[in-house]
Amino acid sequence: MADSDPSIVIPAAAARRVPWKNGAGWTNEIHVEPATAGDADAGAVAAGDIGWLWRLSVAEIDEDARFSVFPGVERALVLLSGNGLRLRFDHGPLHTLQPPHGRLRFAGEQPVHGELVDGPTRDFNLMWRRERVGVQLWHRPLVGPMVVFVDPGSTWVVYLLAGAARLAPARPPASPHAAATALAMGDTALLRADGARTRHMLEGGGEALLIRIDPL
(Lines give C-alpha, C1' and ligand atoms only; values in the text may rest on other atoms or scores of the structure.)
Protein backbone atom coordinates (compact mmCIF):
# COMPACT_ATOMS: atom_id res chain seq x y z
CA MET A 1 0.00 0.00 0.00
CA ALA A 2 1.08 3.59 -0.59
CA ASP A 3 2.37 5.40 2.51
CA SER A 4 -0.63 7.77 2.50
CA ASP A 5 -3.15 4.96 2.10
CA PRO A 6 -4.99 4.25 5.40
CA SER A 7 -5.74 0.70 4.23
CA ILE A 8 -3.69 -2.20 5.59
CA VAL A 9 -3.08 -5.87 4.84
CA ILE A 10 -2.86 -8.32 7.77
CA PRO A 11 -1.06 -11.58 6.94
CA ALA A 12 -2.59 -14.76 8.33
CA ALA A 13 0.56 -15.35 10.39
CA ALA A 14 0.09 -12.00 12.18
CA ALA A 15 -3.12 -13.12 13.94
CA ARG A 16 -2.83 -13.23 17.74
CA ARG A 17 -3.92 -16.46 19.46
CA VAL A 18 -6.07 -15.62 22.48
CA PRO A 19 -8.48 -17.60 24.71
CA TRP A 20 -12.23 -17.29 24.35
CA LYS A 21 -13.97 -14.95 26.75
CA ASN A 22 -15.31 -17.97 28.68
CA GLY A 23 -12.03 -19.88 28.47
CA ALA A 24 -13.60 -22.82 26.59
CA GLY A 25 -11.48 -22.48 23.44
CA TRP A 26 -9.03 -20.43 21.41
CA THR A 27 -9.32 -17.90 18.61
CA ASN A 28 -6.82 -16.24 16.29
CA GLU A 29 -7.54 -12.53 16.56
CA ILE A 30 -7.08 -10.75 13.21
CA HIS A 31 -8.23 -7.23 14.06
CA VAL A 32 -10.02 -5.35 16.83
CA GLU A 33 -11.49 -1.94 16.01
CA PRO A 34 -11.28 0.02 19.25
CA ALA A 35 -14.17 2.09 20.55
CA THR A 36 -13.48 5.83 20.54
CA ALA A 37 -13.91 8.14 23.52
CA GLY A 38 -17.38 9.02 22.28
CA ASP A 39 -18.39 5.36 22.49
CA ALA A 40 -17.62 5.01 26.19
CA ASP A 41 -21.25 5.29 27.25
CA ALA A 42 -24.16 3.10 28.30
CA GLY A 43 -23.81 1.19 25.04
CA ALA A 44 -20.37 -0.02 26.09
CA VAL A 45 -21.70 -1.10 29.47
CA ALA A 46 -24.57 -2.99 27.80
CA ALA A 47 -22.03 -4.80 25.65
CA GLY A 48 -20.13 -5.98 28.71
CA ASP A 49 -17.57 -3.15 28.47
CA ILE A 50 -15.82 -5.02 25.66
CA GLY A 51 -14.01 -1.87 24.51
CA TRP A 52 -14.35 -2.44 20.78
CA LEU A 53 -16.74 -1.63 17.93
CA TRP A 54 -16.05 -4.73 15.85
CA ARG A 55 -13.70 -7.69 15.82
CA LEU A 56 -12.39 -10.25 13.31
CA SER A 57 -10.98 -13.61 14.33
CA VAL A 58 -10.71 -17.27 13.34
CA ALA A 59 -11.91 -19.64 16.07
CA GLU A 60 -10.31 -23.05 16.60
CA ILE A 61 -12.92 -25.56 17.74
CA ASP A 62 -11.35 -28.88 18.72
CA GLU A 63 -14.16 -30.18 20.93
CA ASP A 64 -17.79 -29.49 21.73
CA ALA A 65 -18.00 -26.29 23.78
CA ARG A 66 -20.32 -23.61 25.09
CA PHE A 67 -19.85 -20.32 23.22
CA SER A 68 -19.11 -17.06 25.04
CA VAL A 69 -22.02 -14.66 25.56
CA PHE A 70 -21.71 -11.09 24.22
CA PRO A 71 -24.65 -8.83 25.18
CA GLY A 72 -25.28 -6.02 22.69
CA VAL A 73 -23.24 -7.74 19.98
CA GLU A 74 -24.19 -9.34 16.65
CA ARG A 75 -22.17 -12.29 15.39
CA ALA A 76 -21.58 -13.98 12.06
CA LEU A 77 -19.83 -17.35 11.83
CA VAL A 78 -18.48 -18.81 8.58
CA LEU A 79 -17.11 -22.35 8.38
CA LEU A 80 -13.57 -22.24 6.97
CA SER A 81 -12.50 -25.86 7.30
CA GLY A 82 -13.73 -29.12 8.77
CA ASN A 83 -16.77 -31.34 8.31
CA GLY A 84 -19.32 -29.05 9.92
CA LEU A 85 -20.41 -27.41 13.14
CA ARG A 86 -23.80 -27.69 14.84
CA LEU A 87 -24.98 -24.63 16.76
CA ARG A 88 -27.46 -25.75 19.41
CA PHE A 89 -29.28 -22.70 20.81
CA ASP A 90 -30.86 -22.89 24.27
CA HIS A 91 -33.90 -20.96 23.03
CA GLY A 92 -34.03 -21.60 19.30
CA PRO A 93 -33.54 -24.12 16.50
CA LEU A 94 -30.51 -26.26 15.82
CA HIS A 95 -28.45 -24.91 12.92
CA THR A 96 -25.57 -26.71 11.17
CA LEU A 97 -22.74 -24.95 9.34
CA GLN A 98 -22.14 -27.25 6.39
CA PRO A 99 -18.97 -27.38 4.28
CA PRO A 100 -17.63 -25.75 2.34
CA HIS A 101 -18.53 -22.36 3.83
CA GLY A 102 -21.82 -22.51 5.72
CA ARG A 103 -22.58 -19.39 7.74
CA LEU A 104 -25.00 -17.98 10.27
CA ARG A 105 -25.71 -14.60 11.85
CA PHE A 106 -27.08 -14.54 15.40
CA ALA A 107 -27.32 -12.36 18.51
CA GLY A 108 -24.39 -12.54 20.91
CA GLU A 109 -26.76 -12.75 23.88
CA GLN A 110 -28.12 -16.09 22.74
CA PRO A 111 -26.72 -19.03 24.76
CA VAL A 112 -25.41 -21.56 22.23
CA HIS A 113 -23.42 -24.79 22.38
CA GLY A 114 -21.11 -25.73 19.49
CA GLU A 115 -21.04 -29.42 18.53
CA LEU A 116 -18.53 -30.83 16.04
CA VAL A 117 -20.04 -32.93 13.25
CA ASP A 118 -16.89 -34.97 12.57
CA GLY A 119 -13.59 -33.57 13.80
CA PRO A 120 -12.20 -30.07 14.48
CA THR A 121 -13.25 -26.97 12.57
CA ARG A 122 -11.90 -23.47 11.94
CA ASP A 123 -14.51 -20.73 11.77
CA PHE A 124 -14.34 -17.08 10.71
CA ASN A 125 -15.87 -15.05 13.51
CA LEU A 126 -17.15 -11.49 12.92
CA MET A 127 -18.62 -9.59 15.87
CA TRP A 128 -19.94 -6.03 16.04
CA ARG A 129 -21.84 -3.78 18.43
CA ARG A 130 -25.25 -3.54 16.82
CA GLU A 131 -26.07 -0.09 18.24
CA ARG A 132 -22.87 1.41 16.82
CA VAL A 133 -22.13 -0.11 13.43
CA GLY A 134 -23.98 -1.76 10.56
CA VAL A 135 -22.42 -4.76 8.81
CA GLN A 136 -23.01 -6.55 5.51
CA LEU A 137 -21.19 -9.77 4.59
CA TRP A 138 -20.91 -11.53 1.22
CA HIS A 139 -19.15 -14.68 0.00
CA ARG A 140 -17.83 -14.05 -3.51
CA PRO A 141 -15.74 -15.95 -6.07
CA LEU A 142 -12.68 -14.15 -7.44
CA VAL A 143 -12.56 -14.58 -11.21
CA GLY A 144 -10.52 -11.68 -12.52
CA PRO A 145 -10.65 -8.06 -11.40
CA MET A 146 -13.09 -6.67 -8.81
CA VAL A 147 -13.39 -2.98 -7.96
CA VAL A 148 -14.27 -1.91 -4.40
CA PHE A 149 -15.32 1.69 -3.74
CA VAL A 150 -14.87 2.80 -0.13
CA ASP A 151 -16.71 5.86 1.19
CA PRO A 152 -15.26 8.04 3.97
CA GLY A 153 -16.14 6.59 7.36
CA SER A 154 -16.72 3.10 5.97
CA THR A 155 -14.40 0.10 6.19
CA TRP A 156 -14.34 -2.81 3.77
CA VAL A 157 -12.78 -6.11 4.79
CA VAL A 158 -11.46 -8.64 2.29
CA TYR A 159 -10.68 -12.06 3.80
CA LEU A 160 -9.18 -14.48 1.28
CA LEU A 161 -10.81 -17.90 1.75
CA ALA A 162 -8.88 -19.62 -1.04
CA GLY A 163 -6.53 -18.87 -3.90
CA ALA A 164 -4.36 -15.78 -4.36
CA ALA A 165 -5.03 -12.17 -5.23
CA ARG A 166 -3.39 -8.79 -5.70
CA LEU A 167 -4.67 -5.52 -4.30
CA ALA A 168 -3.76 -2.50 -6.41
CA PRO A 169 -2.92 0.86 -4.78
CA ALA A 170 -5.88 3.18 -4.30
CA ARG A 171 -4.00 5.99 -6.07
CA PRO A 172 -1.43 5.94 -8.88
CA PRO A 173 1.84 5.09 -7.13
CA ALA A 174 4.78 7.47 -7.19
CA SER A 175 6.72 4.89 -9.19
CA PRO A 176 5.11 3.32 -12.28
CA HIS A 177 6.83 0.07 -11.26
CA ALA A 178 5.32 -0.07 -7.76
CA ALA A 179 3.80 -3.49 -7.18
CA ALA A 180 0.34 -4.28 -5.93
CA THR A 181 0.05 -5.96 -2.54
CA ALA A 182 -0.18 -9.75 -2.70
CA LEU A 183 -2.84 -11.62 -0.71
CA ALA A 184 -2.53 -15.32 0.11
CA MET A 185 -5.16 -17.63 1.61
CA GLY A 186 -6.04 -16.46 5.12
CA ASP A 187 -4.78 -12.90 4.63
CA THR A 188 -7.05 -9.96 5.42
CA ALA A 189 -7.20 -6.48 3.86
CA LEU A 190 -8.85 -3.54 5.63
CA LEU A 191 -9.81 -0.93 3.04
CA ARG A 192 -10.50 2.62 4.15
CA ALA A 193 -10.93 6.01 2.50
CA ASP A 194 -8.69 8.98 3.21
CA GLY A 195 -11.05 11.98 3.08
CA ALA A 196 -12.71 11.09 -0.23
CA ARG A 197 -14.26 8.07 -1.91
CA THR A 198 -11.45 5.65 -2.70
CA ARG A 199 -11.13 3.00 -5.39
CA HIS A 200 -9.41 -0.34 -4.78
CA MET A 201 -8.77 -3.00 -7.42
CA LEU A 202 -8.75 -6.64 -6.30
CA GLU A 203 -7.60 -9.15 -8.90
CA GLY A 204 -6.94 -12.86 -8.67
CA GLY A 205 -8.51 -16.28 -8.46
CA GLY A 206 -10.18 -18.03 -5.57
CA GLU A 207 -12.84 -17.09 -3.02
CA ALA A 208 -13.21 -14.23 -0.59
CA LEU A 209 -15.41 -12.88 2.17
CA LEU A 210 -16.31 -9.24 1.58
CA ILE A 211 -17.54 -7.21 4.54
CA ARG A 212 -18.78 -3.62 4.62
CA ILE A 213 -18.84 -1.87 8.00
CA ASP A 214 -20.55 1.51 8.44
CA PRO A 215 -21.05 3.66 11.52
CA LEU A 216 -24.66 4.14 12.63
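The values are calculated or read from the model by the stated rules, or taken from the named source; none is laboratory data. None of the values given here were measured: they were computed from a predicted structure. So basically every Cβ, Gly included, is an ideal-geometry build from the backbone, and we count neighbours across all protein chains shown.
Condition check ((1) modelled with pLDDT of 95 or more; (2) acidic (D, E); (3) in contact with a Lys or Arg (Cβ under 6 Å, 6 or more places away or on another chain)) across all residues:
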{"position": "D123", "(1), (2), (3)": "yes, yes, no"}
{"position": "R130", "(1), (2), (3)": "yes, no, no"}
{"position": "V135", "(1), (2), (3)": "yes, no, no"}
{"position": "W138", "(1), (2), (3)": "yes, no, no"}
{"position": "V143", "(1), (2), (3)": "no, no, no"}
{"position": "V147", "(1), (2), (3)": "no, no, no"}
{"position": "S154", "(1), (2), (3)": "yes, no, no"}
Near pairs, Cβ below 7 angstrom, 6+ apart or cross-chain, from region 55-75 (modelled with pLDDT of 95 or more) to any residue that is of a type in the set (S, T, Y)
L56/T188; S57/T27; V58/T27; A59/T27; E60/T27; I61/T121
Output the qualifying pairs, or none if there are none: Cβ atoms under 6 angstrom, residues six or more apart or on different chains, first residue in region 194-206 and of a type outside the set (S, T, Y), second residue part of a loop (DSSP other than H, G, I, E, B).
D194/P6; R197/D151; H200/A170
Test F149 against the stated conditions and say whether it is within 12 Å of H200 (Cβ to Cβ) and not β-branched (V, I, T).
yes
Taking region 189-208 and keeping residues within 10 Å of W156 (Cβ to Cβ) and assigned to a loop (DSSP other than H, G, I, E, B) leaves A193
Which one is nearest to L161 (Cα to Cα), of the residues in region 180-198 that are of a type in the set (A, V, I, L, M, F, W, C) and out of contact with any Ser or Thr (no Cβ under 9 Å at 6 or more places or on another chain)?
M185
For region 103-155, what are the residues that are out of contact with any Gly (no Cβ under 9 Å at 6 or more places or on another chain) and polar (S, T, N, Q)?
N125, Q136, S154, T155
Scanning region 118-131 residue by residue, those surrounded by 15 or more Cβ atoms within 10 Å (Cβ to Cβ) and either acidic (D, E) or farther than 25 Å from T188 by Cβ (or both) turn out to be D123, E131
Take the residues in region 191-216 that are surrounded by fewer than 20 Cβ atoms within 10 Å (Cβ to Cβ), more than 14 Å from L142 (Cα to Cα) and hydrophobic (A, V, I, L, M, F, W, C), then tell me which one is nearest to the chain's Cα centre (by Cα).
L216
Among the residues of region 19-36, what is the count of those that are hydrophobic (A, V, I, L, M, F, W, C) and assigned to a strand (DSSP E or B)?
3
